[in-house]
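Everything below concerns the one structure shown next.
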Amino acid sequence: MQFRDLKKQYQVLKPEIDKAMIEVATNCNFINGQQVKDLEKKLAEYVGVKHCVTCANGTDALSMAMMAWNIGEGDAIFVPDFTFFSSGEIVSHAGATPVFVDVDRNTFNIDAQHLEQQIKSILKEGKLTPKVIVAVDLFGLPADFKAIRGIAEKYNLFVLEDGAQGFGGNIEGKMACSFGDISTTSFFPAKPLGCYGDGGAVFTNDDNTAEILDSIRVHGKGEMKYDNVRIGLNSRLDTIQAAILSIKLKAFKEYELQDINAVAKTYTEYLSEIVKTPNVPKGFYSSWAQYTIQLENKSTRDKLQAALKAEGIPSMVYYPKPMHKQEAFKDQVYTEGAFPNTLQLCDTVLSLPMHPYLQDADIKDVVAIIKSCCG
Ligand SMILES: *Cc1c(COP(=O)(O)O)cnc(C)c1O
């Protein structure tokens, strides 16, 4: 069994994808091909924002937001403690200070109450200037943007939606990657919408910000490529990746997103009496980057993972370590005991095989092992 079955997906889409890849090779328009512009238009339309600027990966997409807002030394950026390393790495990379915030145990996403507490304590200390809230749509579920927006307005902060895992989700019909002043996503192969290598995108409704992002992605270009008005990056999405993504976006919209939601529903039906299954709040829709259960404690979790492995079933621990305990952030000053939910999640979460092509029989096999181990 595959954790995320990309081979199966390729077999289904093979004729169209092969044709698209050969077309790029034939035309040799490897950089800035028309396919990139077409994809940006389709992505912006799907997400419901004015501008989409594609780039080389999801980490660069986040960095481009930091650069567009001139984030640097002395700025405090609020980041969930339970997320992929990138969400905090880009803050330190910009020279600013990440301030970690605990998450909600039911949604895995940033805890609005603790967020406000952290903002207040930074203001009280008076050393750093609060600038941005990074809200991650973890495991495919959009963050609580109603609460986050309220706090952002109250303290005059930007919202950066890290939608690397959230693409395709929505809140009452409003799509993920449309909630931030700037929102980003990643097309890493295993993400909800993945390409055949690295890729990413930035979304915004603001014309001026979009223009700056477009400049940053090509060495801070001005009127033309050899006129450089700011320090930027080399962070373009390859034409071949854009061509592949156009085909995969169609499948994503037409059936993959629905199918993966059906898989989640089946898992939850079988498992909700035995383990803590993921909670999707009313009005929210997940794109299920991961299907993550919670076990009683670390030893139960580790025992279950070993039992699954013995039967050839892959599972993953996303994430084993809180951000505030990462060696790379060892200069961080934090209050011991400020992140009880993250600490607990790191010990008790387990992500199960999850993709739109998962068969009922496979789900039953996974469930049977969980039942015999934890039932
Ligand atoms: C994958 C991921 C990223 C980074 O995306 P890359 O394309 O791998 O650079 C950032 N944030 C989160 C939450 C992610 O899951």
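The table below gives the values:
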read-out: Subset of Lys248/Lys330; Lys221/Lys321; Lys253/Lys276; Lys124/Lys321 violating a 32 Å alpha-carbon distance limit; value: Lys248/Lys330; Lys221/Lys321
read-out: Options Phe100, Gln290, Gln2, ranked by Cα towards positive dipole end of the chain, top entry (Cβ charges); value: Gln2
read-out: Helix-derived mean residue ellipticity, 222 nm - over the chain, DSSP H n ≥ 4, -39500 (n - 2.57), to 500; value: -13000 deg cm²/dmol
read-out: Cα-centre dipole for the stretch 144-266 with unit charges at Cβ (Lys and Arg positive, Asp and Glu negative), debye to 20; value: 220
read-out: Extension gain, Lys41 back to Ala190 (0.36 nm per residue minus Cα-Cα distance, nm); value: 51.3 nm
read-out: Potential extension, Ala262-Lys50 segment - 0.36 nm per residue separation minus Cα distance; value: 73.2 nm
read-out: Accessible surface of the stretch 184-309 [probe 1.4 Å, protein heavy atoms]: carbon and sulfur percent; value: 49
read-out: Gaussian network model of the chain, Cα within-10 Å springs - most flexible of Thr300, Thr348, Thr97; value: Thr300
read-out: Restraint check, Lys14/Lys42; Lys146/Lys298; Lys154/Lys282; Lys191/Lys265, Cα-Cα greater than 23 Å; value: Lys146/Lys298; Lys154/Lys282
read-out: Built amide H within the under 5 Å cut-off of Tyr291, gap 5+; value: Leu352
read-out: Net charge contributed by nearby residues that have their C-beta within less than 13 Å of Glu256 (K/R +1, D/E -1); value: +3
read-out: Dipole magnitude of the chain about its Cα centre (Cβ charges: Lys, Arg +1; Asp, Glu -1), debye to nearest 20; value: 340
read-out: Fully extended contour minus Cα-Cα distance, from Phe85 to Tyr255, at 0.36 nm per residue; value: 58.1 nm
read-out: Partners for Lys371 among aspartates and glutamates (Cα-Cα distance below 17 Å; same-chain residues under 8 apart left out); value: Glu269, Glu273, Glu296, Asp302, Glu311, Asp360, Asp362
read-out: Accessible solvent surface per residue of the chain, calculated while the other protein chains remain in place, 1.4 angstrom probe, Å²; value: 45
read-out: For the chain: rounded, prolate or oblate by the Cα gyration tensor [a/c cutoff 1.5]; value: oblate
read-out: When the convex hull of its Cα atoms is projected in every direction, mean area for the stretch 215-288 (nm²); value: 8.7
read-out: Among Ile31, Asn170, Leu257 - extreme Cα towards positive end, dipole of the chain, charges at beta-carbon; value: Leu257
read-out: Packing-based order for 87-94, 24-31, 358-365, 115-122, using average beta carbon neighbours within 10 Å, highest first; value: 87-94, 115-122, 358-365, 24-31
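The values are calculated or read from the model by the stated rules, or taken from the named source; none is laboratory data. All values reported here derive from a predicted model rather than from experimental measurement. All Cβ positions, even for glycine, are placed from backbone atoms using ideal geometry, and neighbour counts span all protein chains on display. The protein model used for the area step is the full one, side chains on, heavy atoms only, and it has no ligands, DNA or RNA in it. Shrake-Rupley method; radii C 1.70, N 1.55, O 1.52, S 1.80 Å.
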